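A.B. asks: Starting off with a structure, shown below.
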Amino acid sequence: MQYEKALKIAESVLAQLSPHCERIEIAGSIRRKKPEVKDIEIVAIPKPYETGLFANGIVPIVEQWQKVKGELPCKYTQRVLPEGIKLDLFFATRENWGLIFAIRTGSAEYSHKVLGSAWVKKGYHSNGGYLYAGNQRITVLEEKDLFERIGVDYVEPEIRNL
């Protein structure tokens with residue numbers, strides 16, 4: 001799908017989900033402004049919600065879209081939007097926002113070869129969506145905090161393509 005069309009769809013999804021989130025941003029190839037977009041990636045910190053019979057908050061909105069994988073509550077769910085494009089919705093917390101947002105902005109190769117390699121060289125590892133130094137969980141509030149912590153110069157999303 002062309003970038004402009006995918007961006008409009010992503011912005012519509014963002015508008016629907018935003019009232020139910022503490023924080024939400026478009027990530028992935030749209031954030032990197034790729035001319036051709038295969039899916040929409042969004043990272044969100046949802047406000048508290050309930051699933052089941054008395055579902056509320058973000059749940060009724062997400063559940064309106066065809067599920068491919070990931071049953072709420074979860075860290076990740078994939079849905080098919082009415083326009084036919086897939087939505088990858090990643091849930092973060094305040095403490096791991098910067099890590100998740102950086103990884104999900106990608107590209108996948110950039111996240112692995114640049115970010116992942118750098119944090120390993122600095123003695124960190126990731127597990128369950130969090131960065132660790134040994135057994136100590138490290139808070140990564142913002143994307144730039146991750147770059148600084150692992151000793152990598154911040155790179156604008158548009159040029160994170162390997």
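The values are calculated or read from the model by the stated rules, or taken from the named source; none is laboratory data. Predicted model, so just to flag it, every value in this text is computed and none were measured. Every residue, glycine as well, gets a Cβ built from its backbone with ideal geometry; the counts of neighbours run over all protein chains shown.
A.B. asks: Identify all residues within segment 19-49 that are hydroxyl-bearing (Ser, Thr, Tyr) and within 15 Å of LYS8 (Cβ to Cβ); write none if there are none.
C.D. replies: Step one: of segment 19-49, the residues hydroxyl-bearing (Ser, Thr, Tyr) are 29, 49.
Within segment 19-49, SER29 is the sole residue that qualifies.
A.B. asks: Another question about this same structure. When segment 68-119 is examined, which residues are found to be over 18 Å from ALA10 (Cβ atoms) and part of a strand (DSSP E or B)?
C.D. replies: LYS69, the sole residue that qualifies.
A.B. asks: May I ask you to list the residues in segment 16-59 that are assigned to a loop (DSSP other than H, G, I, E, B), under 17 Å from LEU81 (Cα atoms) and not β-branched (Val, Ile, Thr)?
C.D. replies: Here is the first cut: in segment 16-59, the residues assigned to a loop (DSSP other than H, G, I, E, B) are 27, 32-35, 37-38, 47-51, 55-58.
Filter once more, keeping what is under 17 Å from LEU81 (Cα atoms): 27, 37-38, 58.
ALA27, LYS38 - these are the residues of segment 16-59 that are assigned to a loop (DSSP other than H, G, I, E, B), under 17 Å from LEU81 (Cα atoms) and not β-branched (Val, Ile, Thr).
A.B. asks: With the requirement that a residue be among the polar types (S, T, N, Q) and touching a strand residue (DSSP E or B) at 6+ places or on another chain (Cβ under 7 Å), what does segment 33-69 give you?
C.D. replies: Quick first cut of segment 33-69, residues among the polar types (S, T, N, Q) only: 51, 56, 64, 66.
Within segment 33-69, GLN66 is the sole residue that qualifies.
A.B. asks: Also, I was wondering about something else. Looking at segment 127-147 only, could you name the residues that are among the charged types (D, E, K, R) and in a helix (DSSP H, G or I)?
C.D. replies: Residues of segment 127-147 among the charged types (D, E, K, R): 137, 142-145.
Hits for segment 127-147 are GLU143, LYS144, ASP145.
A.B. asks: Still on this structure, please answer the following. Test each condition in (1) within 20 Å of SER12 (Cβ to Cβ); (2) in contact (Cβ under 8 Å) with a residue 12 or more places away in the chain; (3) not in a helix (DSSP H, G or I) for VAL62 and report the one that comes out false.
C.D. replies: (3) is the only condition that VAL62 fails.
A.B. asks: To continue, here is another question. Could you tell me whether SER12 is in a helix (DSSP H, G or I), within 25 Å of TRP119 (Cβ to Cβ) and polar (S, T, N, Q)? Talk me through it step by step, then tell me what you get.
C.D. replies: On the way: in a helix (DSSP H, G or I): yes; within 25 Å of TRP119 (Cβ to Cβ): no; polar (S, T, N, Q): yes.
Here the answer is no, as SER12 does not meet what is asked.
A.B. asks: Exactly one of these conditions fails for ARG160: (1) of a type outside the set (Val, Ile, Thr); (2) farther than 24 Å from ILE45 by Cα; (3) in contact (Cβ under 8 Å) with a residue 60 or more places away in the chain. Give me its number.
C.D. replies: Against the list (1) of a type outside the set (Val, Ile, Thr); (2) farther than 24 Å from ILE45 by Cα; (3) in contact (Cβ under 8 Å) with a residue 60 or more places away in the chain, ARG160 comes up short only on (2).
A.B. asks: Here's another thing I want to ask about it. Looking at ARG104, ARG160, ARG94, ARG149, which one is modelled with pLDDT under 95 and of a type in the set (D, E, K, R)?
C.D. replies: The conditions single out ARG160.
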